[in-house]
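So the structure is just underneath, and the comments pick up after that.
The values are calculated or read from the model by the stated rules, or taken from the named source; none is laboratory data. All values reported here derive from a predicted model rather than from experimental measurement. Quick reminder, even Gly has a Cβ in these numbers, built from the backbone with ideal geometry, and neighbours come from all protein chains shown.
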Amino acid sequence: MNNKNFEEEIVKYLEGELNPEKSKELEEELISQKKERLLRVLKDFSSPNPGSIPEPSPFMEARLFSRLKRAKKKKNVLSFLLTPIKIPSLVLVIILILFLTLTVNLFKRSSTPAEELQEIYQEGYALYDNGEYDVYSVDTDDSFAAAYFDTLTFKNE
Amino acid sequence: MEGNNMVLSEQIRQIKAGDEDAFSKFFETNRDMIYRYIYRYIGNKVDSEDIAIETFVKFHHNIDKVDLSKNIRAYLFRIAHNLVVDFFRKYKYTVQLNEDIATGSEKGRDTEKELIHELLEKLPDKYRDLIILKYLEKYSNEDIADIKGKSLDSIKSSLKRARKKLVRLFNKLQ
């Protein structure tokens, strides 16, 4: 059988247009050419029933709905954030938080040296009546502590 | 399939109205068809299930855009097909062989499945789709035209070309 004939026969076989004798002839021809694999594929292709494939998992529906639920949650958060009114509100809240943080820091820095001194005194300095002092423990670094020694002496004088 | 489309249209109306049970029914009706179609391309159960789920998720996300006057099943198949193409692009066309082929016991059936995959892989995308629907999933030409949203004549002539290409590949097989 030449190539052209072979192709024509295969098409007819696929379409179920070959009579039983011709079909058998083609099958035998394929077997003689050691093309059994091809014959099996052809039989599969020309069979009226779809071949079997592994059954899908019974949890597919549960997985689908779980995906949809997650997507819905995500969508809700996004839509909340992207609502036109929400954006300026969020910006305003962020500005307010920044302003409050800065104000608190400034207020902290503006506390008087005496107050800071008191803290240092309680933490690590012993004062005497004559204005002298002893350092018995310093948690802060030396330069920071030293900055207050003069003030301390001055105050007691 | 015309009647099917009417049933589907009704289901879509209900889904659009927020009825989750309707979507569940829609999924049940179309799950196997979409899963099988994807499986024929991918050849492995886990990825096929993932892509099938993704297909329905995408469909649900775009439910408001679904035109009830058009073929709903064609739209669903198109989403599945695009996801399959994305999958292959992502994995650089390394077609994963069927899990059953890798672990199966029936040697004869295994090599046959391998051969089918080999053949499908060599076919151009537009023909592969038709061959899967026609010869593996056994859809009629009318159904394929419906699924692809094309005219029957156009499907017939495309199938003729696809078959020619397939048979040439058969001929080259040793």
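The condition of being closer than 19 Å to B:Arg78 by Cβ, surrounded by 13 or more Cβ atoms within 10 Å (Cβ to Cβ) and within 14 Å of chain A (Cβ to nearest Cβ) holds for only one of B:Ile144, B:Ile155, B:Ile116, that being B:Ile144.
When you check B:Lys25 against the structure, is it under 17 Å from B:Val7 (Cα atoms) and either at the interface with chain A (Cβ under 8 Å from one of its Cβ atoms) or assigned to a helix (DSSP H, G or I) (or both), yes or no? Yes. Across the range B:56-76, the number of residues qualifying as among the β-branched types (Val, Ile, Thr), out of contact with any Ser or Thr (no Cβ under 7 Å at 6 or more places or on another chain) and either assigned to a helix (DSSP H, G or I) or more than 27 Å from B:Leu152 (Cβ to Cβ) (or both) comes to 2. Among residues of the range B:125-139 that are more than 15 Å from B:Phe170 (Cβ to Cβ) and among the hydroxyl-bearing types (Ser, Thr, Tyr), those with a beta-carbon under 8 Å from a residue that is crowded, with 21+ Cβ neighbours inside 10 Å and at pLDDT 90 or above at least six positions away or on a different chain give the pairs B:Tyr139/B:Leu133. Restricted to the range A:1-53, and to residues there that are touching a residue at least 24 places away in the same chain (Cβ under 8 Å) and more than 10 Å from every other protein chain (Cβ to nearest Cβ), the residue that is nearest to B:Leu115 (Cα to Cα) is A:Glu29. Restricting attention to the range B:86-107, does a residue exist that is modelled with pLDDT of 90 or more, of a type in the set (S, T, N, Q) and not in a loop (DSSP other than H, G, I, E, B)? So far as the range B:86-107 goes, no, none of its residues is modelled with pLDDT of 90 or more, of a type in the set (S, T, N, Q) and not in a loop (DSSP other than H, G, I, E, B). The residue pairs whose first member lies in the range B:76-92 and is surrounded by 18 or more Cβ atoms within 10 Å (Cβ to Cβ), whose second member is among the small types (Gly, Ala, Ser), and whose beta carbons are closer than 8 Å, counting only pairs six or more residues apart or on different chains, are B:Ala80/B:Ala52. If you take the residues of the range A:54-70 that are at the interface with chain B (Cβ under 7 Å from one of its Cβ atoms) and assigned to a helix (DSSP H, G or I), which of them is surrounded by the most Cβ atoms within 10 Å (Cβ to Cβ)? If we take residues in the range A:54-70 being at the interface with chain B (Cβ under 7 Å from one of its Cβ atoms) and assigned to a helix (DSSP H, G or I), then A:Leu64 is surrounded by the most Cβ atoms within 10 Å (Cβ to Cβ).
Restricting attention to the range B:158-174, the residues being outside any helix (DSSP H, G or I) and either modelled with pLDDT of 90 or more or touching a Leu at 6+ places or on another chain (Cβ under 7 Å) (or both) number 1. The residue of the range B:112-157 that is nearest to B:Asn71 (Cα to Cα), among those that are hydroxyl-bearing (Ser, Thr, Tyr) and part of a loop (DSSP other than H, G, I, E, B), is B:Ser151.
Taking the criterion of being part of a loop (DSSP other than H, G, I, E, B) and either more than 30 Å from B:Asn44 (Cα to Cα) or at pLDDT 85 or above (or both), the residues of the range A:17-52 that qualify are A:Glu17, A:Leu18, A:Asn19, A:Gln33. Would you mind stating whether B:Ser9 is in contact (Cβ under 8 Å) with a residue 24 or more places away in the chain and hydroxyl-bearing (Ser, Thr, Tyr)? Taking the combined requirement at face value, the residue satisfies it.
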